[in-house]
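*Asks:* This is the structure I have questions about; it appears just below.
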Amino acid sequence: MSKINVIMWKEFTDIIRDYKTIIATVLLPLIVLPLLGLTNFVLTKQQPPIIVVVDDDHSKGVIGNETISSSDIAYMLAYYVNATGRAVAYQANSMNDSFHSYPYFDIVLVIKKGFIENLTSFNRIAYLSKIQRVGSAKANEASLIVEWVKNWVSDYVASKKIKIIAHEAGIHVNPDSIKKPIDFEKVQYVAPTGEKKTLLDELRAQTARLLMFALFFIAPPIVTFISDSIIGERERKTIEMLLTAPLSKTELLLGKVFATTILGMLAAIADIAGLLIYFYLLYMSYGLMTLMVDPSLLGVHALMVFMTSLLTSSLVLPFIVRTKTIRSAQIVSSAVMSIATIVFFMSLFVEIPNLPLIIRIPLYFIPFTHCALVIYNYMYGYTLNLSIHLVITIISSLVLIVIAHKVFDEERILIGPSR
Amino acid sequence: MNADIVYVKDLKKKYGNIEALRGISFNVRKGEIFGIVGPNGAGKTTTLRIIATLVKPTSGTVKVFGLDVVKHRSKVRKFIGYLPEDAGVYDRLTGWENLLFFAKLYFKDSKEVERAVEYGAKIAGLGDRIHDRTETYSKGMKRRLLLAKTLMLKPKLALLDEPTSGLDVFAAVEVRRLIKEYAKELNTTIILSSHNMLEVEYLCNRVALINNGIIVDIGSPKELKEKYNASNLEEAFVNAIRGSKK
């Protein structure tokens with residue numbers, strides 16, 4: 001073990017002093033992803049969507065015993081938009097006025113002539129005119145807010161009308177039973193086993209799914225480190241002295257794999273931390289809670305980050321020890337990274353255990369699939385399946401290291417396949 | 001044969017279709033500096049790599065301290081210190097850390113490690129620069145560090161492949177002085193390869209002249225000069241090669 005430690009010490013010292021690599025693989029994701037979220041957060045607050053409400057109708061009408069004017073509707077629309085806190089609404093007297101006074105509008109809502117007459121009738125629909133600016137990044141969000149506000153106001157008027165009709169008919173009516181005769185009860189969350197779950201469990205599952213995808217971040221730094229660790233020794237002409245040292249192939253390979261695994265883990269943890277901060281800032285910006293991180297999930301994820309790191313370096317190793325140049329090592333590395341990307345991206349959207357057998361079986365031959373499935377099974381609390389996939393991941397890594405040991409040929413590393 | 005530190009018999013090595021060594025034989029005695037001299041591509045590096053257990057022979061026998069280099073690689077490695085021709089250093093490690101790394105691979109006891117590194121630092125003679133990263137070293141400083149790394153282990157057999165390769169005159173003289181002093185001080189057996197005849201004449205007790213994978217002759221520099229009626233080893237080498245072609 002002590003010689004493995006010596007190799008690891010050398011690898012650590014060497015890489016930690018390689019500032020460019022450290023910045024590119026560890027610090028950059030940790031800075032860039034939160035910065036992306038922060039930019040989103042700050043700029044969203046700085047530049048809320050602008051909605052202008054124009055009253056072109058200037059009229060009044062009566063619903064029951066209540067007088068309602070177009071200016072009331074304009075006020076209500078603007079009031080509710082502002083009440084969301086996510087957009088700013090202004091009122092204007094005419095279209096020209098709105099374009100002139102608010103050139104950076106995102107949406108102009110026009111209460112057209114005849115709107116109140118239609119609104120107060122019992123057989124016509126009152127139409128609002130929606131003018132949306134092209135090329136506005138915020139227009140879609142503004143459109144969503146306008147849709148909500150229109151629904152609130154529409155709901156308010158509909159309730160009034162239903163009450164009037166009910167009064168005329170002399171019956172007691174709950175307006176909601178007419179407006180929404182069919183609706184969902186409170187959502188019940190259950191596991192595939194039928195066990196009751198909560199909204200928090202659902203959020204935790206979504207987070208786990210995201211973390212499954214985040215395993216993808218592990219592959220790039222690992223393949224870079226392990227390739228450089230073996231091929232780089234040859235290119236820097238240090239391998240020959242290392243190979244004559246009283247050091248077994250196992251000690252040399254394990255020292256490099258473990259050092260790479262730990263460095264890769266650091267890079268991956270930085271990536272994942274960056275990703276989580278990014279999503280937290282998105283939540284701060286848009287108020288949509290989509291993540292739920294608990295210590296046990298983080299524990300399982302940390303274990304899988306380690307296992308995926310070990311697996312990635314073990315997967316690349318048998319090829320790297322037979323490869324002569326950095327270029328051919330990069331080709332192998334790209335292939336491994338592509339496979340990792342496919343599996344981990346797929347796990348974000350696809351339930352692998354529910355795929356048809358003909359698709360599932362080839363996937364099971366890809367070791368990365370088992371890394372994703374450990375987290376998937378944790379998500380649903382399937383301890384036995386989790387253990388099986390974890391054991392497969394460990395065995396795959398060990399088998400690949402043994403293969404690398406078998407195919408590791410010192411003469412080939414020094415001289416190449418033929419001369 | 002038993003007194004021989006290195007015993008090489010009918011050694012052949014083929015890389016694909018290329019015959020690098022075509023049946024060479026020689027022996028190296030305890031405490032001597034043995035030179036392998038020849039032009040580029042003669043088979044010097046291959047010979048040293050086989051003795052260093054890095055490359056397997058195609059046929060023939062190579063024994064170090066009576067141990068076959070193919071069957072007993074791990075044991076043989078404990079006796080040898082090898083300086084490759086074009087070796088590099090770990091650039092982001094300091095000179096001291098480079099020595100420390102190898103010392104830790106060779107010795108278990110921390111005091112032995114410390115002693116070896118201090119001895120290596122003394123051989124390297126880099127002063128306070130030993131604590132600087134080697135990326136700031138000149139080629140000569142790196143070569144001295146590598147030589148120090150090889151010799152600090154106090155190997156029973158040191159294999160030095162072109163120890164002054166690529167060095168300027170001053171650095172080369174310094175490295176030669178180091179090798180000579182070290183061999184004298186510790187009575188270590190050294191095999192060095194070189195295509196610099198002056199260097200070999202200055203350092204070696206006996207020399208093998210090698211060309212195209214064949215040893216043309218073996219003897220002390222003085223014997224070879226007399227045998228080939230030459231004023232220096234370079235001339236002796238040329239005459240020996242011409243003679244072998246007739």
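*Asks:* How much of the DSSP beta bridge set in the protein assembly as shown is antiparallel, as a percent to the nearest 5?
*Replies:* Given both bridge residues lie in the protein assembly as shown, the antiparallel proportion sits at roughly 55 percent.
*Asks:* What spacing in nm lies between the two simple spin-label points modelled at A:Lys406 and A:Lys324, each 7 Å away from Cα in the Cβ direction?
*Replies:* 2.5 nm
*Asks:* Still on this model: With all pairs of different alpha carbon atoms counted, what Kirkwood hydrodynamic radius in Å does region A:201-329 show?
*Replies:* About 16.4 Å, per the Kirkwood formula over Cα pairs.
*Asks:* As a check on your grasp of the helix formula, calculate [θ] at 222 nm for chain B: sum -39500 (n - 2.57) over DSSP H runs of n ≥ 4, divide by the residue count, round to the nearest 500.
*Replies:* It lands at -12500 deg cm²/dmol.
*Asks:* I want to check the label-to-label distance for B:Glu118 and A:Ile342. Put each point 7 Å from Cα in the C-beta direction and report it in nm to one decimal.
*Replies:* If labels sit at B:Glu118 and A:Ile342, their model points lie 6.0 nm apart.
*Asks:* When the helix-only estimate is applied to chain A (DSSP H runs of n ≥ 4, each -39,500 (n - 2.57), divided by the residue count), what is the mean residue ellipticity at 222 nm, nearest 500 deg cm²/dmol?
*Replies:* -22000 deg cm²/dmol
*Asks:* Sticking with this structure for a sec: Using the charge dipole of region A:1-58 (Lys, Arg: +1 at Cβ; Asp, Glu: -1 at Cβ; taken about the Cα centre), state which of A:Val6, A:Pro34, A:Ile23 has its Cα farthest towards the positive end.
*Replies:* Value computed over the given set: A:Val6.
*Asks:* Is region A:33-187 best put as rounded, prolate or oblate by its Cα gyration tensor, with a ≥ b ≥ c the root eigenvalues, rounded for a/c under 1.5, and otherwise prolate when a/b is larger than b/c, oblate when not?
*Replies:* Because a/c hits 1.5 or more and a/b fails to exceed b/c, region A:33-187 counts as oblate.
*Asks:* A 23 angstrom limit on the alpha carbon distance is what I want to check against. Which of A:Lys45/A:Lys138; A:Lys3/B:Lys184; A:Lys138/A:Lys179 exceed it?
*Replies:* A:Lys3/B:Lys184; A:Lys138/A:Lys179
*Asks:* On to the next question. Roughly how large, in nm² to one decimal, is the mean projection of the convex hull of the alpha-carbon atoms in chain A?
*Replies:* 29.0 nm²
*Asks:* Would you kindly work out the equivalent ellipsoid of region B:103-178 from its C-alpha gyration tensor and give its semi-axes, the square roots of five times the eigenvalues, largest first in whole Å?
*Replies:* After diagonalising the Cα gyration tensor, the semi-axes are 22, 15, 10 Å.
*Asks:* Looking at A:Leu348, A:Gly135, A:Val173, which one has the Cα that reaches farthest to the positive end of the dipole of chain A (charges on Cβ: Lys, Arg +1; Asp, Glu -1)?
*Replies:* Towards the positive end, the residue furthest out is A:Leu348.
*Asks:* Right, next: Considering all projection directions equally, how large on average is the shadow of the alpha-carbon convex hull of region A:122-171, in square nanometres?
*Replies:* One quarter of the hull surface, i.e. the mean projection, equals 4.1 nm².
*Asks:* Among all stretches of chain A without exposed GluC sites (Glu not before Pro) (DSSP loop, at most 13 other Cβ atoms within 10 Å), which one is longest?
*Replies:* Value returned for the longest uninterrupted segment is A:1-184.
*Asks:* Using the structure shown, select from A:Lys249/B:Lys13; B:Lys14/B:Lys44; B:Lys111/B:Lys142; A:Lys10/B:Lys154; B:Lys12/B:Lys227 the pairs with a Cα to Cα distance greater than 19 angstrom.
*Replies:* A:Lys249/B:Lys13; B:Lys111/B:Lys142; A:Lys10/B:Lys154; B:Lys12/B:Lys227, as the Cα separations exceed 19 Å there.
*Asks:* Across region B:1-113, how large is the tail of the calculated P(r) beyond 24 Å, expressed as a percent of all Cα pairs?
*Replies:* 35 percent
*Asks:* Still on this structure: Compute the orientation-averaged projected area for region B:151-212 from the convex hull of its Cα atoms and round it to one decimal in nm².
*Replies:* In nm², the orientation-averaged hull projection of region B:151-212 is 4.6.
*Asks:* Rank B:Thr47, B:Val76, B:Tyr106 by how far each Cα sits towards the positive end of the charge dipole of region B:14-127 (+1 on Lys, Arg Cβ; -1 on Asp, Glu Cβ) and give me just the farthest.
*Replies:* Ranked along the dipole, the leading option is B:Val76.
*Asks:* Next up: Counting every Cα pair in region A:315-370, what percent are over 15 Å apart?
*Replies:* Everything past 15 Å amounts to 55 percent.
*Asks:* Right, something else. Would you kindly give the portion of the calculated P(r) for region A:318-419 that falls above 23 Å, as a percent of all Cα pairs?
*Replies:* 40 percent
*Asks:* Let me ask something else. Which helices count as membrane-span-like in chain A under these terms: full DSSP H, at least 20 Å along the axis by C-alpha, Kyte-Doolittle mean of 0.5 or more?
*Replies:* A:28-46, A:199-214, A:249-286, A:295-320, A:326-349, A:367-380, A:383-407
Readers should treat all values here as calculations from the given coordinates under stated rules, not as data from a laboratory. Note that this is a predicted model, so its numbers are computed, not measured. Heads up, the Cβs are rebuilt from the backbone with ideal geometry, glycines too, and the neighbour counts pull from every protein chain shown.
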